[in-house]
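Engineer: Mind having a look at this structure? Questions to follow.
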Number of protein chains: 2
Amino acid sequence: MARVIAAEIVKVLTTPDPGHFRTTEAPALQVDLQGIPGGRHYGFTRKAGAREAWYQRGMEMRSGRQLSIVSLEDLAEIARRMDLPCIEPGWIGANVLVCGIPEFSRLPWGARLFCGDGAVLVNEGDNAPCRFAGAEIGRNFPERARLDILFPKAAIFLRGIVATVESAGTIAPGALKVKIPEQIIWTGGSLL
Amino acid sequence: MARVIAAEIVKVLTTPDPGHFRTTEAPALQVDLQGIPGGRHYGFTRKAGAREAWYQRGMEMRSGRQLSIVSLEDLAEIARRMDLPCIEPGWIGANVLVCGIPEFSRLPWGARLFCGDGAVLVNEGDNAPCRFAGAEIGRNFPERARLDILFPKAAIFLRGIVATVESAGTIAPGALKVKIPEQIIWTGGSLL
């Protein structure tokens with residue numbers, strides 16, 4: 001059965017420099033169907049990268065990752081596992097920080113996020129943690145070695161989700177409703 | 001764990017008249033990142049309809065349904081439930097007919113379909129059966145009443161999936177590989 005969860009948007013962030021994935025806090029994001037105008041991941045399409053090993057690098061493909069969304073709870077758990085006081089969402093390029101959704105990074109593909117200020121986002125799956133984000137965390141803790149290597153292990157299924165805009169509008173701190181589609185496990189014949 | 005299934009594309013179909021959803025067999029489809037050029041559902045975006053009751057009808061939204069894909073096995077099961085000799089994929093506007101995938105219409109969101117001839121499609125979920133498709137089936141069996149009403153009940157989770165093109169290329173009869181992502185049931189705290 002589909003169900004709806006009431007949660008919160010804590011903070012929104014955008015890329016001051018599209019040449020780098022770092023993001024900084026903004027009062028609100030105005031998104032259209034291609035994402036955040038002027039942002040690093042704006043567009044219906046993008047170039048294939050290392051995550052899409054089955055494509056030639058640089059090939060034009062469907063985007064599926066216009067926005068990066070992380071949760072306060074999951075970032076705190078990554079920090080705990082890495083023995084760090086905190087991980088700021090901007091260090092790893094997040095556009096939206098949410099709270100109040102248990103196991104946020106495990107939300108099912110296709111879950112819809114209805115932002116109180118109007119935009120609607122579709123979950124396109126968990127965001128695989130990489131060394132580049134880990135290295136950026138490491139820049140904030142110069143006394144700690146190898147955080148770039150540690151992050152991909154510590155952050156698996158905790159690094160949030162990627163999402164696409166389904167309906168244009170505003171994303172701002174405040175109310176968030178998450179609609180979870182009916183879930184089944186496909187087992188190729190018998191259903192759980 | 002992710003897994004890969006080997007299956008087959010039986011037939012491909014396109015809309016001879018974009019004013020109607022019926023499709024007819026074609027030797028191959030050349031798709032770009034917006035779908036089938038000239039087809040009824042071509043585009044990164046589309047207008048909201050009755051399925052998206054939470055939006056104003058006609059609002060421009062993310063498409064998510066560039067192609068309709070059905071399976072031989074699921075169509076046969078719908079026909080059996082409706083006591084019909086067959087249901088042709090073109091009657092209900094399908095673009096691709098596949099076989100060899102158990103519970104095809106239940107494939108998880110995000111499953112990737114690698115067509116042997118090059119295109120790659122992403123599953124955006126099961127296609128909700130509607131009365132319009134049912135009425136089109138009914139036109140082929142004038143002796144049978146109320147097939148438009150029967151179809152939405154008989155075809156639930158059997159009417160195939162909607163998909164978006166991830167990588168442009170050709171879709172033609174022949175080999176198909178389906179990559180199933182890791183699946184979990186999100187329960188808001190505890191995982192099955």
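The values are calculated or read from the model by the stated rules, or taken from the named source; none is laboratory data. All values derive from a computational prediction rather than experimental measurement. We place every Cβ from the backbone using ideal geometry, glycine too, and count neighbours over all the protein chains shown. With ligands, DNA and RNA removed, areas are computed over all heavy atoms of the protein, side chains included. Shrake-Rupley method; radii C 1.70, N 1.55, O 1.52, S 1.80 Å.
Engineer: Going by what's in this entry, would B:GLU136 be described as more than 14 Å from every other protein chain (Cβ to nearest Cβ) and in contact (Cβ under 8 Å) with a residue 60 or more places away in the chain?
Structural biologist: So B:GLU136 passes the test.
Engineer: Continuing with this model, one more query. Please work out if B:ILE149 is open to solvent by 20 Å² or more (accessible area, probe 1.4 Å), within 11 Å of another protein chain (Cβ to nearest Cβ) and either outside any strand (DSSP E or B) or in contact with a helix residue (DSSP H, G or I) (Cβ under 9 Å, 6 or more places away or on another chain) (or both).
Structural biologist: no
Engineer: Just for segment B:152-170: of the residues that are more than 19 Å from B:GLY125 (Cβ to Cβ) and outside any helix (DSSP H, G or I), which one is farthest from the other protein chains (Cβ to nearest Cβ)?
Structural biologist: B:THR170
Engineer: Still on this structure, please answer the following. Provide a single number: the residues in segment B:112-146 that are outside any loop (DSSP other than H, G, I, E, B) and small (Gly, Ala, Ser).
Structural biologist: The qualifying residues number 6.
Engineer: Right, next: Scan segment A:125-146 for residues that are buried (at least 17 other Cβ atoms within 10 Å of the Cβ) and at positive phi and jot them down.
Structural biologist: Answer for segment A:125-146, where residues must be buried (at least 17 other Cβ atoms within 10 Å of the Cβ) and at positive phi: just A:GLY125.
Engineer: When the residues of segment B:51-91 are filtered to those that are part of a loop (DSSP other than H, G, I, E, B), of a type in the set (A, V, I, L, M) and open to solvent by less than 40 Å² (accessible area, probe 1.4 Å), which remaining residue is farthest from B:LEU176 (Cα to Cα)?
Structural biologist: Per the criteria, the residue is B:LEU84.
Engineer: Regarding A:GLY43, is this residue assigned to a loop (DSSP other than H, G, I, E, B), under 21 Å from B:GLU166 (Cβ atoms), in contact (Cβ under 8 Å) with a residue 60 or more places away in the chain and open to solvent by less than 70 Å² (accessible area, probe 1.4 Å)?
Structural biologist: No.
Engineer: Go through (1) within 14 Å of another protein chain (Cβ to nearest Cβ); (2) in a loop (DSSP other than H, G, I, E, B); (3) under 15 Å from the mean Cα position of the chain (by Cα) and name the single condition B:ILE184 misses.
Structural biologist: With respect to (1) within 14 Å of another protein chain (Cβ to nearest Cβ); (2) in a loop (DSSP other than H, G, I, E, B); (3) under 15 Å from the mean Cα position of the chain (by Cα), B:ILE184 is out only on (3).
Engineer: Turning to a different aspect of this structure: If a residue must be over 23 Å from B:ILE87 (Cα atoms), open to solvent by less than 80 Å² (accessible area, probe 1.4 Å) and part of a strand (DSSP E or B), how many such residues does segment B:7-40 contain?
Structural biologist: Within segment B:7-40, residues that are over 23 Å from B:ILE87 (Cα atoms), open to solvent by less than 80 Å² (accessible area, probe 1.4 Å) and part of a strand (DSSP E or B) number 3.
Engineer: Can you tell me which residue is nearest to A:PRO181 (Cα to Cα) among those in segment B:174-188 that are open to solvent by 10 Å² or more (accessible area, probe 1.4 Å) and touching a Leu at 6+ places or on another chain (Cβ under 9 Å)?
Structural biologist: Going through the qualifying residues, I end up with B:ILE185.
Engineer: Any idea which residue in segment B:141-192 is modelled with the highest pLDDT, counting only those that are of a type in the set (Gly, Ala, Ser) and more than 29 Å from B:ALA7 (Cβ to Cβ)?
Structural biologist: Among residues in segment B:141-192 that are of a type in the set (Gly, Ala, Ser) and more than 29 Å from B:ALA7 (Cβ to Cβ), the one modelled with the highest pLDDT is B:ALA145.
Engineer: Considering every residue within segment B:108-123, establish whether at least one is under 23 Å from A:VAL122 (Cβ atoms), acidic (Asp, Glu) and either more than 14 Å from chain A (Cβ to nearest Cβ) or touching a residue at least 40 places away in the same chain (Cβ under 8 Å) (or both).
Structural biologist: no
Engineer: With (1) out of contact with any helix residue (DSSP H, G or I) (no Cβ under 9 Å at 6 or more places or on another chain); (2) open to solvent by 30 Å² or more (accessible area, probe 1.4 Å); (3) farther than 22 Å from A:PRO181 by Cα as the list, and A:TRP109 as the residue in question, which single condition is left unmet?
Structural biologist: (3)
Every residue, every condition in (1) touching a strand residue (DSSP E or B) at 6+ places or on another chain (Cβ under 9 Å); (2) within 14 Å of chain A (Cβ to nearest Cβ); (3) within 19 Å of B:PRO129 (Cα to Cα); (4) β-branched (Val, Ile, Thr), yes or no:
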position	(1), (2), (3), (4)
B:ALA76	no, no, yes, no
B:ARG81	no, no, yes, no
B:GLY90	yes, no, yes, no
B:GLY93	yes, no, yes, no
B:VAL96	yes, no, yes, yes
B:PHE104	yes, yes, yes, no
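Engineer: Still on this structure, please answer the following. Within segment B:1-40, can you find the residues that are touching a Cys at 6+ places or on another chain (Cβ under 8 Å) and within 17 Å of B:VAL165 (Cβ to Cβ)?
Structural biologist: Across segment B:1-40, the qualifying residue is only B:ILE9.
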